[in-house]
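FYI, it's all coordinate maths here, none of it is from the lab. What you see is a predicted model; the values in this text were computed from it and never measured.
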Amino acid sequence: MIKINGKTYNQSPFAKVAMAIIGIITLGILVFLGVIAFFIVGGFILLASSVIAMRFWWLKRKIGIFNEQAPRNKNQRTNETDILEGEYSEVKDKES
């Protein structure tokens, strides 16, 4: 029995079984389409993240090559310590 706008309608057992089968088929189709959409979106995210990771790797590689080719001073390649060499002289202020 189905109630629509307060009125009751009788339904045969055949109609109930047919509606149940149609509902199960519809639910199965929607689940199938949802899984396909999930894999499509997941594939797109995987592809985009791979492209971004490759871009960062490429930039890191380029920066590393630049640092190896153009050191800041001539001793940077051979000596990585923080020792500064130079001469100094002490200047005394003249106070009158």
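Couplings 3J(HN,Hα) for segment 53-60, derived from phi with the Karplus relation 6.51 cos²θ - 1.76 cosθ + 1.60 (θ = phi - 60°), are 5, 5, 5, 5, 4, 5, 5, 5 Hz, where x marks Gly and Pro.
Per residue, the convex hull spanned by the Cα atoms of segment 2-69 measures out at 78 cubic angstrom. Between VAL91 and PHE38, residue separation times 0.36 nm minus the direct Cα-Cα distance comes to 11.5 nm.
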